[in-house]
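Participant: The structure under discussion is supplied below as structure tokens; questions concerning it will follow.
Bear in mind these aren't lab numbers, they're just calculated from the coordinates by the rules spelled out. Predicted model, so just to flag it, every value in this text is computed and none were measured. Cβ placement follows ideal geometry from the backbone for every residue including glycine, while neighbour counts extend to all protein chains displayed.
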Amino acid sequence: MSEAQAHAEVHHHSPPTSFIGKYVFSVDHKVIGLQYYGLGLLAVIIGMVLSWLMRLHLGWSTLAIPGLEKLSAAGAPGNVMTPEYYLSLMTMHGTIMVFFVLTNVPFAGFGNYFLPIQVGAADMSFPHMNMMSFWVTFTAFLVLMAAFFVPGGPPLSGWTAYAPLSAVGVEAGPGQGTGQTLWAISIAIFCVAQLLGALNFISTTLDLRTKGMSLARLPFSAWAWFITSVIGLLAFAVLLPACILLFLDRVAGTSFFIPSGLVISDKMQAHTGGSPLLWQHLFWFFGHPEVYIAILPAVGIVSHILPVFMRKPLLGPRVLVGCMVAIGFLSYMVWGHHMFVSGMNPFSAILFSVPTLVITIPATIATLLWIGSVYGSRMRFTTAALFCLGFISVFISGGISGFFLAQPSIDTYLHATYFVVAHFHFVMGVAAIFAMFAGTYFWMPKMTGRMMNETLGKVHFWLTFVGVYCIFMPMHYLGLAGNVRRYAAFTDDFLSPLIPVHQFITIAALITGAAQFIFLFNLIWSRLRGPKAPDNPWQATSLEWSTTSPPPFDNFGGRQLVVNHQPYEYGVEGPDGDYIMQTAPEAAKAR
Amino acid sequence: MKMKLFVPTLVVLLVSAALATLAVAPPAGGTISGKVTYTGTPPKMKPIDMSKEPTCAKEHAASPVMTENVVTGPGNSVEWAVVYVSAGDQGSAPGTQTLKFDQKGCQYIPHVLAMQVNQPFEIINNDPFLHNIHPLPKINPEWNKSQPPGTPPQVEKYDKPEFIPVKCNVHPWMHGYFVVLNTSHYSLTGSDGSFKIAGLPPGKYTLTAWQEQFGTQTQEVTVGAGETKSIGFVFKALPY
Amino acid sequence: MGKLFGVVLTVITLVSTAIFIFHGNLLWLPVDISAHGHGVDHQLMETMYGSGVLFVASQLLLGLFVWQAAGRKEGWKYKTFPGGAKPMVISAIALVGIEILTLSFVGSRVWAGVYLSPPDPKSLQIDVQAGQFAFYFRYAGADGQFGGLHPDKIDEGSGNFFGLNPRDDVAARDDVVVASLVIPVNRPILLTMHSKDVIHSFYVRELRIHQDIVPGLMIPLHFTATQTGRFEIVCTQLCGLGHYQMKAYLDVKTQDDFDQWLKQQEAAQ
């Protein structure tokens, strides 16, 4: 190990002095982490506004929304949203949320900031590559945003961009012009950034751990970031060529995904020989691990934060890490469960269904470990703790609906209904976001040197927790009733009786969305005026609490930390209280 | 008669006669008229099943709408044909009146809208649900727009002559044509297949008759001042 | 705070579960009119019971433990769950594992019954074409033969949705092309489905059947309807702006009514 460590030393550079060097093109992983977080914040606000527009239209499909025509004259004549514009907003909502929020913040955001610190390093292995990965992500974001402003508008084929709709070009209809090409370019650029980031995370975790920081002593969050980056390396490596092939079909006349004999808008298409199902296989081979890329850091963050406020270690820490590894491994075997009725060989459905159901087991174990950990504890109910508990609840809700969808015979009925929308929003749109909130309230004092306001935090929590159940629980009922998803309006006799349920959801969504401004206000106000944060406001044990708030440029002020303890020694008699820090001398014993 | 009134009366009579000559004299315009007919067996028009739009299905339940690609009538007449001056045109005036293209009862009314280059036309949605209008030009710019119910009419125009098929993406049976011409000397045949182009200065004209299924035919006609010429166009029809 | 969490979580759990139980007609599956559908419904209900119990138990347990965690005083020494992590691992593997095995085994047979079994040789074969944004259906006509499909001959304005060539292809002349799927009750039906442009999907809730229609593929789907009536066929694979509106009606008639209808259609071709 020491030989490897001797080679793998971070390039020690002196701190930057210019504004650009400090805050713009910075190689400091902490600045980069905050940049990712800031980008994620901007993206989530845009994504949320898009969801409000969508929900308004679904509740009241003839509503004239003031100002909409200015955003798109063709998309909203007379301020009334056309179905193509609804689908475009929906596509952008999904794309922005999945890529620029859920992959960005829990992984690239918090991970960039805290992985090096939690392993005891002064920076990531490759700080310049790290800086590049952020700016490449930012470029991808700009390219995607440009899709709003090109003629033809943003793409409308969903974040899943199934071919041939996404591949044939502008003939497929409004929304399938330049906007779709920009989408393919943006996501390809995003893949490059993720690959660069993943490499950094892996090498940092393996090579830069400080003395005494064995893999067994890594905090759960570090484990999660490590496993996620391994998954990401393989998954994004498949999405990148897929997007390139899609791009070529669109602009270079190739036919990877387009078969022959198609007649679109009364024109025979010249393409021949391609397979629409190939796109689906490539996309979902990436897409399924992607959702675990979204949730595993959340699992790690929540598991890391809970013990702090329970003042007891998590039940079965090694088992939890084993579960994360198992989930990561199994995530590569299940992609076909998105394709049960896709036209692929129906026998494959049975094959994919088995590992999909098996993945329930580590997820269940993890959930039981969390619930079992709360047992017998005395909790300190900070906002971060509340969001962790809320995470457990919504993770259960989202996971259980997955159990239905994993079975092909049931998926026959529930495929492409609101049941699916409920499922993925609970696990991704709610659980992962709750973990991001928990991480924010927990780590903001460390990152900014200021405490966030707990009262505002609690109001934010309660409105959000009740709100998300009001939004997404009814979607299960809609799905069972046969309410198809990705519909711009419900005009037929079968679905129109369900519109009042949609209106209820819309109102809940608007109120819950408004509550997020409490969080935003808290974030900004606390950053500017919040009370100063001590080094260790939560009396926590992991390495980030062994340094100042915020940490100095090289994280630990030139010290080389020596780790002697596990990360979750709480509820013990330690030198500073009921905990023992990882860096405490070896002599300090646990109870 | 009294000598005092003779000259003024004569002046009045002479002026009136001159004015009358001017007023009554016809514009030196000729007329070409006739009928568009077919021989043979035209394809059978089929009733359109509008069940995917229940409002329209109900509206037409008693008498279904038929396909309109070949609409024939008594005497082998051909409706929806456009006869126009394709060469030798003179005295054509630009089209300024705003024409109307209506979407009602899941049909395009009229089935063929003949217009001139740069002449504005309004697309109106008179149904209580969304229509989508997608003309398919090859020369003019292509656009594809949805029109939610209750939104104002869309005003469009084309600046190059072309025969443009029009479809509704949402109701696939809806089909029509925009016929964009660079002459004001055209006529659309009605249910009796007749056409009439008036106000032609004397000269030699090439007339083209176009029908969406049968294609085009041309004839040369020379018209003198104030002359009416009668011609006929006969298309060969096949059942398939 | 903690007690409030326990209470709120309990209320949310009980209200959500109550609506699943007392769903009425609106928030539930419509009537099953297919021969195979009872298998799907049975699978769904088994999963509903199993996961319902897990859902209620885990949420209420979480709520209870949080309530207790809120009530403890300063100086409390934490207690570890009896048995530690072992009971969690064992119960997860045992409970979930058994559920998975049984559901998989039974469910696979339900699935195979629809998608992996050959159609009845006496099925009534109907050709289905999906295209932006409607479904069209084709019957072979009196000669019992389907005409060939020629995409370059598709002309919607004249009603030639399938691209038939009746001029040269005699078998195509009597093909019945309609916009509704009309079938006789209690008779095996075989659909051969294809798409003219992008991926669409064929979904009839009451038939408990769902199949994507992929351009470039000819996908068979067979079923038997057991009740007469009129039901919606809706597209569930995003296909463009008209996706929300893309539907057709399934008309299940008695055999006599169907025969009469088919005769009428054949005469009109």
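Participant: Using alpha-carbon pairs under 8 Å, 6+ residues apart, how would you state the relative contact order of the stretch C:2-115 in percent?
Facilitator: Here the relative contact order equals 51 percent.
Participant: If you take every DSSP beta bridge fully contained in the protein assembly as shown, what fraction is antiparallel? Give it as a percent rounded to 5.
Facilitator: Within the protein assembly as shown, antiparallel bridges account for around 70 percent of the total.
Participant: Quick one: helix A:454-480 against the long Cα principal axis of chain A, what's the angle to the nearest 10°, folded into 0 to 90?
Facilitator: Once rounded, one gets 40 degrees.
Participant: Charges only on Cβ, +1 for Lys and Arg, -1 for Asp and Glu: so what's the dipole of the stretch B:102-198 about the Cα centre, in debye to the nearest 20?
Facilitator: That gives the stretch B:102-198 a dipole magnitude of about 120 debye.
Participant: At 222 nm, what helix-only mean residue ellipticity would chain B give, in deg cm²/dmol to the nearest 500, using -39500 (n - 2.57) for each DSSP H run of four or more?
Facilitator: -4000 deg cm²/dmol
Participant: Given bins 20 angstrom wide, list per bin the percent of all Cα-Cα distances in chain A, short to long.
Facilitator: Using 20 Å bins, I get a P(r) of 20, 55, 23, 2, 0 for chain A.
Participant: Here's a follow-up. Take B:Cys106, A:Cys388, C:Cys239 and order them by how many other Cβ atoms sit within 10 Å, fewest up front.
Facilitator: By the 10 Å Cβ count, ascending: B:Cys106, C:Cys239, A:Cys388.
Participant: May I pose another question? Roughly what % antiparallel, to the nearest 5, for the DSSP beta bridges in chain A?
Facilitator: In chain A, DSSP labels about 90 percent of beta bridges as antiparallel.
Participant: Can you tell me the relative contact order of chain C? Whole percent, Cα pairs under 8 Å, sequence separation 6 or more.
Facilitator: Computed value for chain C: 20 percent relative contact order.
Participant: Give the order of A:Cys191, A:Cys470 when sorted by the count of other beta carbons within 10 angstrom, beginning with the fewest.
Facilitator: With the sparsest Cβ surroundings first, the list reads A:Cys470, A:Cys191.
Participant: With label points built 7 Å along Cα→Cβ from the Cα atoms of A:Ser214 and C:Ser117, find their separation and express it in nm.
Facilitator: 5.8 nm
Participant: Please identify which residues in the stretch C:139-177 have an amide N closer than 20 Å to a label point set 7 Å out from the Cα of C:Gln264, following the Cα→Cβ vector.
Facilitator: C:139-142, C:174-177
Participant: Fewest first, what order do C:His42, A:His93, A:His460 take by the number of other Cβ atoms within 10 Å?
Facilitator: Fewest-to-most Cβ neighbours within 10 Å comes out as C:His42, A:His93, A:His460.
Participant: Could you work out the Rg to Rh ratio of the stretch A:125-246, with Rh taken as the Kirkwood radius (inverse of the mean 1/r over all Cα pairs)?
Facilitator: Checking Rg against Rh, the ratio lands at 1.13.
Participant: With charges only on Cβ, +1 for K and R and -1 for D and E, what is the dipole size of the protein assembly as shown about its Cα centre, in debye, rounded to 20?
Facilitator: With Lys and Arg at +1 and Asp and Glu at -1, about 2600 debye.
Participant: Helix-only estimate, please: 222 nm mean residue ellipticity of chain A, summing -39500 (n - 2.57) across DSSP H runs of length 4 or more and dividing by its residues, to the nearest 500.
Facilitator: After summing the helix terms and dividing by the residues of chain A, the value is -19000 deg cm²/dmol.
Participant: Where a ≥ b ≥ c are the square roots of the eigenvalues of the C-alpha gyration tensor, would you call the protein assembly as shown rounded, which needs a/c under 1.5, or, failing that, prolate if a/b is larger than b/c, or oblate?
Facilitator: Cα axes put the protein assembly as shown in the prolate bin.
Participant: What percent does the relative contact order of the stretch A:191-322 come to when contacts are Cα pairs within less than 8 Å and at least six residues apart?
Facilitator: 28 percent
Participant: Determine the shape class of the stretch C:124-268: with a ≥ b ≥ c the square roots of the Cα gyration tensor eigenvalues, call it rounded for a/c under 1.5, and otherwise prolate if a/b is greater than b/c, oblate otherwise.
Facilitator: It comes out oblate by the Cα gyration axes.
Participant: Of the beta bridges DSSP finds with both residues in the stretch B:28-237, what % are antiparallel, to the nearest 5?
Facilitator: That works out to approximately 70 percent antiparallel.
Participant: Right, another one. Measuring from label point to label point, each 7 Å out along Cα→Cβ, what is the B:Met66 to A:Ala73 span in nm?
Facilitator: Distance between the two pseudo-spin positions: 4.2 nm.
Participant: Quick check: the angle from helix B:3-24's long axis to the longest principal axis of chain B, C-alpha only, nearest 10 degrees?
Facilitator: 30 degrees
Participant: Specify which residue in the list C:Val8, C:Met218, C:Leu250 is farthest towards the positive end of the charge dipole of chain C, using unit charges on the beta carbon of Lys, Arg (+1) and Asp, Glu (-1), about the Cα centre.
Facilitator: Most positive-ward Cα: C:Val8.
Participant: For helix C:2-21, what angle does its Cα long axis make with the longest principal axis of chain C, in degrees from 0 to 90 and rounded to 10?
Facilitator: 30 degrees
Participant: Shifting gears a bit: With the Cα gyration tensor of the stretch C:2-115 giving a ≥ b ≥ c as the square roots of its eigenvalues, does the rule (a/c under 1.5 for rounded; else a/b larger than b/c for prolate; else oblate) give rounded, prolate or oblate?
Facilitator: Oblate shape, in that a/c is at least 1.5 and b/c is the bigger or equal ratio.
Participant: In whole Hz, what ³J(HN,Hα) sequence does the stretch B:39-51 give by Karplus (6.51, -1.76, 1.60; θ = phi - 60°), x for Gly and Pro?
Facilitator: 10, x, 10, x, x, 6, 7, 10, x, 8, 8, 9, 4
Participant: Further question on the same structure: Mean residue ellipticity at 222 nm from the helices of chain C, using -39,500 (n - 2.57) per DSSP H segment of n ≥ 4 over the full residue count, to the nearest 500 deg cm²/dmol?
Facilitator: The helix-only estimate for chain C comes to -12000 deg cm²/dmol at 222 nm.
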